[in-house]
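Data block below; observations after.
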Amino acid sequence: MNPFTNSLFATRLVYAAIFIVFSFVIGELIHRRGRAVVHHAFGADTAAALSLSALLHIGWYLLCAGLLLWNFGVGGGYDWYKPPTLERQISDVCVRLGVSIFVVGFLHSLNIIAISLFHREKKT
């Protein structure tokens, strides 16, 4: 078997392991802390608050799963004629994690802004 293929697979496995742990730990933390924000925004409408909280939770994991699968399909930053080095593999994992965390954080921020705007409009 080609060592180049093995190193690409190992790099992706390292990325997947780190990102899966990140997704579950941060996802559960956001879900627990975010329920209070959603309930506050919806006031007495508990059913809507619970539904939105569940949908946001599902959306988080769908987004993380999509990013994980997309990163598995995207080619590594390796040149076919140069042997992969540990430095390049670490760099590849860092880039994949950085982009994934940035995307998740950015979209989560948009959710917070949307809930905040909804709460402001509801107050007036």
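Here's a check for you: in segment 100-124, which residue that is out of contact with any helix residue (DSSP H, G or I) (no Cβ under 8 Å at 6 or more places or on another chain) and aliphatic (A, V, I, L, M) is modelled with the lowest pLDDT?
The initial filter retains those residues of segment 100-124 that are out of contact with any helix residue (DSSP H, G or I) (no Cβ under 8 Å at 6 or more places or on another chain), namely 102, 105-106, 109-110, 113-114, 117, 120-121, 123-124.
Going one step further and asking which of them are aliphatic (A, V, I, L, M), we end up with 110, 113-114, 117.
Numbers: L110: 91, I113: 88, A114: 87, L117: 84.
Among residues in segment 100-124 that are out of contact with any helix residue (DSSP H, G or I) (no Cβ under 8 Å at 6 or more places or on another chain) and aliphatic (A, V, I, L, M), the one modelled with the lowest pLDDT is L117.
Can you go through G34, G73, G59, G66 and tell me which one is modelled with pLDDT under 80 and small (G, A, S)? Lay out the reasoning, then the answer.
On the way: G34 fails: modelled with pLDDT under 80; G59 fails: modelled with pLDDT under 80; G66 fails: modelled with pLDDT under 80.
One residue alone meets the criteria, G73.
For segment 83-124, enumerate the residues that are acidic (D, E), exposed (fewer than 11 other Cβ atoms within 10 Å of the Cβ) and either within 21 Å of the chain's Cα centre (by Cα) or within 17 Å of L8 (Cβ to Cβ) (or both).
The answer is E87, and nothing else.
Which of the residues that make up segment 29-40 are surrounded by 12 or more Cβ atoms within 10 Å (Cβ to Cβ) and either under 12 Å from the mean Cα position of the chain (by Cα) or touching a residue at least 60 places away in the same chain (Cβ under 8 Å) (or both)?
I30, V37, V38
The values are calculated or read from the model by the stated rules, or taken from the named source; none is laboratory data. Fair warning: this is a prediction, and the values are worked out from it, not measured in the lab. Every residue, glycine as well, gets a Cβ built from its backbone with ideal geometry; the counts of neighbours run over all protein chains shown.
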